[in-house]
Amino acid sequence: MKHPLRLLVIAAVLVALTSFAASARAGLPLGGVSCGPTSAVFSQWGDNHQYYFTSNGGFESGSSGWTLGPGASVTEGNEPFFIHSSSDNHALSLANGAFAASPWVCFGSNTPHIRFMASGSGSIHVRLIARGLLGELAILDGGTIQVGPSWAPTPDLGTTFSQLNSALLGANAIQVVLTATGNVQVDDLYIDPFTQY
């Protein structure tokens, strides 16, 4: 094997994700839940879709609600566009190999679209943990995002997540799991819960 250490790290991350996903199931939203108010926060980049701000998506409450692996921490500083609030002053820092998992967040029955702000040197691998109404869990691959040195919004992650509709019956709650290659920062996690592209 060329990369036994990398495989060991990936296996450890998957075990950790499965463990905390199972422990959090009782608090998931069920049927007909409103995801909260939405706004076109990415309009300055030509995206006029309506997104809601996820629970502690800007890390202003530290790591509250998030699960942080080794090498992940909340730091001072904020993305310079202040798309959530001009008073924000925190972001998530992910060292090489570190991961962070969001609180459980809701989305509608259509394809969810996810965006956040990122900067650094490297890439971010996005995974979703989803739970259906029958309690089953799935870990879905959302792909890898290349991150540049200047803060910018990530691509609109949506069509890659269309597997949710067929993977789990009635899935309406997800965790967004971010894993870094290189050193990156993340801020302001938003979800467009109801779009159909």
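Some notes on this structure:
- Any hit, the stretch 28-45, residues being among the hydroxyl-bearing types (Ser, Thr, Tyr), closer than 20 Å to ARG131 by Cβ, at pLDDT 90 or above and out of contact with any helix residue (DSSP H, G or I) (no Cβ under 7 Å at 6 or more places or on another chain): no
- Among residues of the stretch 97-137, those that are in contact with a helix residue (DSSP H, G or I) (Cβ under 7 Å, 6 or more places away or on another chain) and modelled with pLDDT under 75, counted: 4
The values are calculated or read from the model by the stated rules, or taken from the named source; none is laboratory data. Note that the structure is a prediction, hence the values are computed from the model and not measured. Cβ coordinates were reconstructed from backbone atoms using ideal geometry, including for glycine residues, and neighbour counts include every protein chain displayed.
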